[in-house]
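Colleague: For reference, the structure I am asking about is given below.
Each reported figure results from applying straightforward, stated rules to the coordinates on display, with no laboratory input. Computed from a prediction, not measured in an experiment: that's the story for all the values here. As a convention, Cβ positions derive from the backbone with ideal geometry for all residues, glycine included, and neighbour counts pool all protein chains shown.
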Amino acid sequence: MTSRRAFTALAALVAGTTLAATPAPASAATGTYANPLTVQIPAGGRVESCADPTVIRQRGEGVQPWYMFCTTDPLNDQDRNAGGGFNFHLIPILRSVDLVNWTYAGDVFSTRPSWVATNAGLWAPDAEYFNGRYYLYYAASDTALPGGGSAIGVATAQTPAGPWTDSGATVVEPHPAPCCPGSRRWVFDPDFIQFQGQNYLYYGSYFGGVSLRRLDASGLHSDPSTQQQVTIANRYEATEVVQHDGHLYLFASATNCCDGPLTGYAVFVGRSDSPAGPFVDREGVSLLAGRVGGTPVIAQNGNRWAGTGHNEVFTDMSGQDWTIYHAVDREHPYFAGTSNFTKRPVLMDGLDWIDGWPALNGGAGPSDTPRQAPAAQPGEVTNHRAERVEPDMPGQLVESLSDEFGGTALSSRWTWVRQPASGTYAVEGGSFRFDTQAADLYKDSNSASVLTEPAPDGDYLVEVKVTLDLPPEGCCFNYVQAGMLIYGDDDHYIKLVHVSIWETRQTEFAKEISEEPRYGNTVVGPPGDWTWLRIVKRTHAGLELYRAYTSQDGVHWVRGGVWTHSLGTASRIGLVSMGGSGFAGRFDHVRVYRLNAGDGSA
């Protein structure tokens with residue numbers, strides 16, 4: 001494969017057009033940096049949002065600059081026109097020689113290409129080098145073509161600094177989603193690879209899923225007859241495909257990218273030996289499965305960063321892999337003067353490979369304290385070192401709060417919030433049956449029953465084993481679910497459930513508060529015939545941190561992200577079975593543990 005992901009120290013020996021060499025800071029490889037990356041604007045101020053970043057190093061000998069490109073957005077709070085509205089840049093260009101300190105260097109386009117709708121955003125650029133020139137693939141959110149619809153375009157240049165010339169036509173045209181003739185698929189988020197001499201382009205998003213097409217030798221045209229589905233719809237977007245140790249790894253983002261402090265965007269990975277897949281996760285579950293696979297790689301860990309997603313992987317000059325991605329600062333989530341326009345600064349962290357699978361900072365997650373810097377130029381060596389983060393482990397069982405559901409009635413420790421009708425629940429056959437309700441617990445819809453017991457003081461781990469008798473795949477049973485809560489009240493809780501979302505079955509990890517945007521969600525590992533769910537609660541620096549784990553067998557666990565909350569000492573452990581009638585959740589057990597050692601803060 002030849003692409004930006006294959007850059008190593010040898011890249012500096014490849015001839016190409018160069019700008020005047022700029023000396024790299026001597027401390028670039030031995031110094032530190034901190035997220036978010038610093039991006040100066042020459043006229044004053046800083047770039048505070050760089051969503052969907054892509055990065056490439058200019059070809060040539062010796063010291064060469066790196067370039068980053070971002071989705072259409074304002075640069076910062078003050079980036080406004082004469083009328084007071086925001087300026088939306090048509091793919092900003094950022095430049096750096098050390099991968100740490102960046103400068104805004106203009107935009108790819110001054111006007112939209114003629115085939116793009118006049119009000120469209122140019123999203124998710126992907127920078128590549130082949131055929132002796134630079135390519136920038138991008139998504140247009142709408143087109144001026146008959147019927148409109150999103151599409152993929154491409155521009156080319158002799159240097160990453162430009163000038164960039166659009167090809168004048170789509171690379172991937174607007175077309176229907178596989179599910180729905182006559183619809184317009186979300187043709188978003190391109191990612192180019194070369195594999196065994198063939199050009200490929202991945203693209204797609206939730207409506208329609210992710211597909212792969214072959215490109216011709218020029219890289220300007222795709223062949224619709226070669227289109228193949230790579231992920232199931234309604235789970236993934238923002239793909240990034242990387243070759244490592246003979247495998248192809250497909251990184252993809254899931255859930256909502258842009259929901260302020262409750263953004264739960266996260267990056268997952270599957271592995272294959274073929275560009276077309278099937279890509280399967282560490283548990284062996286396909287990204288095409290109804291009970292959809294995907295191993296978490298980048299997920300929020302309880303620090304200031306939420307919504308960590310849409311990543312790109314690159315290799316520094318000493319062979320260390322890194323990834324850039326955007327995130328949301330929970331303390332400053334929006335552009336000034338708005339209450340729903342999410343700002344997405346750019347972050348960078350080391351990508352480590354543990355037992356054949358990628359892990360951000362060895363599994364610690366996104367960083368918000370100083371880290372060792374990359375080796376940006378020839379001769380430098382990074383001081384980044386991988387450290388494996390250990391998972392949270394259950395300690396002593398709290399027997400008074402644990403229940404194996406023997407006998408024929410619920411223990412007296414359990415109490416109902418909105419007790420359901422007789423006959424819709426029962427303790428039977430060694431499990432607790434709880435029929436799904438045509439009710440919900442979501443914002444102002446607080447009609448679902450919740451079976452609760454006290455939560456223990458201090459830090460703890462609660463585990464439930466649940467089955468939901470939905471068909472394992474197929475549409476549509478939105479949003480039937482069963483699982484558990486850490487419950488403060490109807491408007492303050494943490495939730496981890498097996499849920500049906502269109503044609504998928506997923507494990508949703510959610511948070512609700514009483515202030516807008518009120519509800520945020522992320523996802524964890526695939527559910528199974530039986531699904532084991534764990535929530536780990538720790539208190540750190542005055543914050544309640546709740547981390548999710550899921551398992552299909554109770555032995556091998558998928559470690560998910562973290563929500564912070566303030567549920568207090570009166571919170572309770574809850575069970576729910578809701579979202580639509582006609583099915584049943586069955587709970588084999590609820591087990592509550594004290595915690596053994598584990599890096600719960602990471």
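Colleague: May I ask you to compute the full-extension gain from E399 to A43, defined as 0.36 nm times their residue separation minus their alpha-carbon distance, rounded to one decimal in nm? Don't skip to the end; give the middle numbers.
Modeller: Values: separation 356, 0.36 × 356 = 128.16 nm, distance 6.42 nm.
The E399-A43 span can extend by a further 121.7 nm.
Colleague: Go through 48-60, 386-398 and give me the packing order, highest mean Cβ count within 10 Å leading. Mind showing how you got there, number by number?
Modeller: Values: 48-60: 23.8, 386-398: 15.2.
Going by the mean number of other Cβ atoms within 10 Å, highest first, we get 48-60, 386-398.
Colleague: Based on the Cβ-Cβ distance from A421 to E61, what FRET efficiency comes out when R0 is 60 Å, to the nearest 0.05? Can you show the working numbers first?
Modeller: Numbers: r = 77 Å, r/R0 = 1.28.
Once rounded, the FRET efficiency stands at 0.20.
Colleague: Right, here's the next one. Between the range 238-267 and the range 270-343, how many Å separate their Cα centres?
Modeller: Result: 3 Å between the Cα centres.
Colleague: According to the square roots a ≥ b ≥ c of the eigenvalues of the Cα gyration tensor, what is the shape class of the range 81-235, taking rounded for a/c under 1.5, prolate for a/b larger than b/c otherwise, and oblate for the remainder? Write out the running numbers ahead of the final one.
Modeller: Details: a/c = 1.79, a/b = 1.24, b/c = 1.44.
Since a/c reaches 1.5 but b/c is at least a/b, the shape of the range 81-235 is classed as oblate.
Colleague: Taking 7 Å along the Cα-to-C-beta vector as the label spot, tell me the F88-Q228 distance in nanometres, rounded to one decimal.
Modeller: That separation, rounded to one decimal, is 3.6 nm.
Colleague: Once you have a ≥ b ≥ c as the square roots of the Cα gyration tensor eigenvalues for the chain, tell me rounded if a/c is under 1.5, and otherwise prolate or oblate according to whether a/b is larger than b/c. Please report the intermediate quantities before stating the final value.
Modeller: Details: a/c = 1.91, a/b = 1.65, b/c = 1.15.
Since a/c reaches 1.5 and a/b is larger than b/c, the shape of the chain is classed as prolate.
Colleague: Full-extension gain between T103 and E516, please, as 0.36 nm times their residue separation minus the C-alpha to C-alpha distance. Each step should come with its number before you reach the end.
Modeller: Values: separation 413, 0.36 × 413 = 148.68 nm, distance 3.44 nm.
Length difference between fully extended and current span is 145.2 nm.
Colleague: Pairs of lysines 8 or more apart, or on different chains, with alpha carbons under 15 Å: count those in the range 394-595, would you?
Modeller: Values: K443/K495; K443/K511; K465/K495; K495/K511; K495/K537; K511/K537.
The number of close lysine pairs in the range 394-595 is 6.
Colleague: Apply the a/c threshold of 1.5 to the C-alpha gyration tensor of the range 231-298 and tell me whether it is rounded, prolate or oblate.
Modeller: Details: a/c = 2.26, a/b = 1.68, b/c = 1.34.
The shape class here is prolate.
Colleague: How many angstrom separate the Cα center of the range 85-126 from the Cα center of the range 373-435?
Modeller: Measuring centre to centre over Cα atoms gives 43 Å.
Colleague: Cβ neighbours within 10 Å, averaged per peptide: list 134-143, 457-466 in order, most packed at the top.
Modeller: The most tightly packed comes first, giving 134-143, 457-466.
Colleague: Hey, another quick one. Between E473 and F341, what FRET efficiency comes out of the Förster formula 1/(1 + (r/R0)^6) with R0 = 51 Å and r the beta carbon distance, rounded to 0.05?
Modeller: 0.90
Colleague: At a threshold of 8 angstrom on Cα-Cα distance, excluding pairs fewer than six apart, so keeping six or more, what relative contact order does the range 394-595 reach in percent? The partial results should precede the final answer.
Modeller: Values: 561 pairs, mean separation 65.4, N = 202.
The value is 32 percent.
Colleague: Tell me, what ³J(HN,Hα) does each residue in the range 180-196 have, in order and in whole Hz, if you take phi through Karplus 6.51 cos²θ - 1.76 cosθ + 1.60 with θ = phi - 60° and put x for Gly and Pro?
Modeller: Computed from phi, the couplings for the range 180-196 are 9, x, x, 7, 10, 5, 7, 8, 10, 6, x, 8, 9, 9, 10, 9, 6 Hz.
Colleague: Near the amide H of A105, under 5 Å away, which other amide H atoms are found, from residues 5 or more places off or on another chain, if H is placed in the peptide plane?
Modeller: Under 5 Å from the amide H of A105 lie the amide H atoms of I93, L94, R95, each far enough along the sequence or on another chain.
Colleague: So what is the relative contact order for the chain, in percent, with contacts set as C-alpha pairs under 8 Å and at least six apart? Could you put the intermediate results ahead of the total?
Modeller: Details: 1796 pairs, mean separation 74.4, N = 602.
Reported as a whole number, the value is 12 percent.
Colleague: Mind ranking 522-534, 109-121 by how tightly packed they are, going by the mean number of other C-beta atoms within 10 angstrom, highest first? Each step should come with its number before you reach the end.
Modeller: Values: 522-534: 24.8, 109-121: 15.6.
Answer by packing, highest mean first, reads 522-534, 109-121.
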